[in-house]
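Encoded as structure tokens, the structure appears first; notes follow it.
The values are calculated or read from the model by the stated rules, or taken from the named source; none is laboratory data. These numbers come from a predicted model, not from an experiment. No Cβ is skipped: glycine too gets one built from the backbone with ideal geometry, and neighbour counts run over all protein chains shown. Heavy atoms of the whole protein, side chains included, go into the accessibility calculation; ligands, DNA and RNA do not. Shrake-Rupley method; radii C 1.70, N 1.55, O 1.52, S 1.80 Å.
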Amino acid sequence: MLKKIAPPAVLTIICTVASALLIIVYNLTYVDTTGIITDELKAGLTELYGEKEYTMLKNEDGTVMTFDGVNSVIVSSDNDVAFEVIANGYAKGGIHVLVGVSDNGVEGISFINLGETPGLGTKIRDDKNFVKQFIGINSSDYEFSALTGATFSSKGLKSAADTALKTYQEHKEDILK
């Protein structure tokens, strides 16, 4: 009797574990391209600019407006602009942020997801003074202090801020039309 039950039981366990792993990987790597502002994005936008109406910009064909390194562009009813950027830190694609940008430079950074090493790479989110050094920058030529133990993550956040700022400067007319 055990010989008949064991193979299906083992196969069921293997399938269950494989399915669970697929679900976990999907949730960690999913990037919304539907143009819908998710709850996580809404929370990040509220952190940056407060409670407002927000719209994810789309191209003429209805697809989400993207640029090199930018997953989406979101504009508020007051023309506040936020760029959704996923950057590489220590983990590939481990830094998922919204970067608010205006003519004055970087307005703020809100973390959507941080897949960096807990206690090390996550310092970039937890150390508020680190994030503050990006506020007001208006070119990619600036000095910044990386966090000890989180060098790759620090450089990844700098890359995300630089990408958003460069995109705003190069495509401002397209974004704010």
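Convert each backbone phi in segment 55-68 into a coupling constant with the Karplus relation 6.51 cos²θ - 1.76 cosθ + 1.60 (shift: θ = phi - 60°), then list the ³J(HN,Hα) values in order as whole Hz, x for Gly and Pro.
10, 7, 6, 10, 6, 4, 7, x, 7, 5, 5, 10, 9, 4
With a 1.4 Å probe and all protein chains kept in place, how much accessible area does residue 130 have, in Å² rounded to the nearest 10?
Ignoring ligands and nucleic acids, residue 130 comes out at about 10 Å².
Can you list the trypsin sites (Lys or Arg not before Pro) in segment 79-127 that are in a DSSP coil and have 13 or fewer other beta carbons within 10 angstrom?
Here the sparse-neighbourhood loop sites are 92.
What shape does segment 118-177 have by the C-alpha gyration tensor, where a ≥ b ≥ c are the square roots of the eigenvalues, rounded means a/c under 1.5, and otherwise prolate means a/b greater than b/c and oblate the rest?
prolate
Would you mind checking the pairs 123/155; 58/172; 128/155; 42/172; 52/158; 58/155 and listing those with alpha carbons more than 24 angstrom apart?
Going by Cα-Cα distance, 52/158; 58/155 fall outside the 24 Å limit.
Can you work out the FRET efficiency for the pair residue 9 and residue 39, with r the C-beta to C-beta distance and R0 = 45 Å, to the nearest 0.05?
About 0.70, to the nearest 0.05.
What are the residues whose amide H is under 5 Å from the amide H of residue 112, where those residues sit 5 or more places off or on another chain and H is modelled from the backbone?
When sequence neighbours closer than 5 places are left aside, the close amide H contacts are 96, 97, 98.
With a 1.4 Å probe and all protein chains left in place, how much of the accessible area of segment 1-153 comes from carbon and sulfur atoms, in whole percent?
57 percent
State in Å² the accessible area per residue of the chain; use a 1.4 Å probe, count heavy atoms of protein chains only, and round to the nearest integer.
59 Å²
Please tell me the relative contact order of the chain in percent, rounded to the nearest whole number, where contacts are Cα pairs under 8 Å and at least six residues apart.
Relative contact order, the chain: 17 percent.
Can you quote the Å³ per residue value for the convex hull of the Cα atoms in the chain, rounded to an integer?
151 Å³
With n ≥ 4 as the cut-off for DSSP H runs, can you work out [θ] at 222 nm for the chain, using -39500 (n - 2.57) per run divided by the number of residues, rounded to the nearest 500?
Counting only the DSSP helices, I get -13500 deg cm²/dmol.
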